[in-house]
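The structure appears below as structure tokens.
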Amino acid sequence: MTSSTPKATTEGAAATARGGRSNSRRELVEREIMEQATRLFAEKGLASTTLQDIADATGLTRPALYHYVANKDELFARLVSEIAEEPAVLLHEINARNDLDPVAKVHEMAMSIALHQSQTLDRFRLLIRSEAELPPALAETYRQSRRRVLKELVAAVEDGIGEGRFRPADPRVSALGIIGMLNWIAWWHHPGDPEADRSIARQLADMAVNALLDPNAGDSEPGPERVIAQMRQNLDYLERTLRPE
């Protein structure tokens, strides 16, 4: 009986190792499938791309491909869900943090969006180009995710306005402007260097925050013209806030 324990332990460790290698291989193959599918969808369009095209590009037989994906629509749905839903989750987590003030939250949100874009440029471009082809359920998922991203950023901007850190401009317009600036990364940035990606993301986040900051927020004795202008801005902001939708 004493000799069976080491044997069982060895067999268990071997099985665990095999399972680990199997899982690692599956992850690598799935990543390759997603990358090749993204490229083909972008080049040929969703309707013109077949599972056989994806199998050929990944070096798999079509039966082998079915071990990883049921059909083309499921594969495309996974691509859309990953691109559309992750930013909303990231921004919600940032908004829930108690260790960040509104300025830091907006900066962190802008950084996270920029880095996400840098890491998923091909998929984001594919999603934009294929938006008109999305099935109704996927299109609704995409719309809801965009609304969630906007809602989280608007909330942070409103908090900054409420604390007197940001100018009392329309928070929705401000948030849309930031999102639009960050989305353009997909059309001009060439990723590959993680340090360069972070540097660009940080610069864009700085620009996003600086566009919102009230330059006179720290003035102890503002002049009468500044006081009048601030009062007008505050009144405009209050009217927008109280106006029924």
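The values are calculated or read from the model by the stated rules, or taken from the named source; none is laboratory data. In this text the structure is predicted, and so the values were computed from the model without any measurement. Virtual Cβ from ideal backbone geometry, glycine too; neighbours counted across all protein chains shown.
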* Looking at LEU28, LEU79, LEU75, LEU40, which is the one that is modelled with pLDDT under 85 and assigned to a helix (DSSP H, G or I)? -> LEU79
* Structure fact -> Over segment 174-205, the set of residues surrounded by fewer than 14 Cβ atoms within 10 Å (Cβ to Cβ) and at pLDDT 95 or above is GLN203
* **Unique residue being modelled with pLDDT of 90 or more, among the charged types (D, E, K, R) and over 22 Å from ALA169 (Cα atoms) when the list is GLU93, GLU86** => GLU93
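Is there a residue in segment 54-63 that is farther than 25 Å from SER199 by Cβ, in the same structural domain as ILE178 (by TED's automatic domain parsing) and surrounded by fewer than 17 Cβ atoms within 10 Å (Cβ to Cβ)?
No, segment 54-63 contains no residue that is farther than 25 Å from SER199 by Cβ, in the same structural domain as ILE178 (by TED's automatic domain parsing) and surrounded by fewer than 17 Cβ atoms within 10 Å (Cβ to Cβ).
For (1) in contact with a Lys or Arg (Cβ under 7 Å, 6 or more places away or on another chain); (2) within 29 Å of GLU32 (Cα to Cα); (3) assigned to a loop (DSSP other than H, G, I, E, B), each residue gets a yes or a no:
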| site | (1), (2), (3) |
| --- | --- |
| HIS67 | no, yes, yes |
| ALA88 | yes, yes, no |
| LEU100 | no, no, yes |
| ALA104 | no, no, no |
* Within segment 25-53, track down each residue that is small (Gly, Ala, Ser) and crowded, with 17+ Cβ neighbours inside 10 Å. => ALA37, ALA42
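Mind telling me which of the residues LEU126, LEU134 ends up being surrounded by 22 or more Cβ atoms within 10 Å (Cβ to Cβ) and in contact (Cβ under 8 Å) with a residue 24 or more places away in the chain?
None of the others qualify; the one that does is LEU126.
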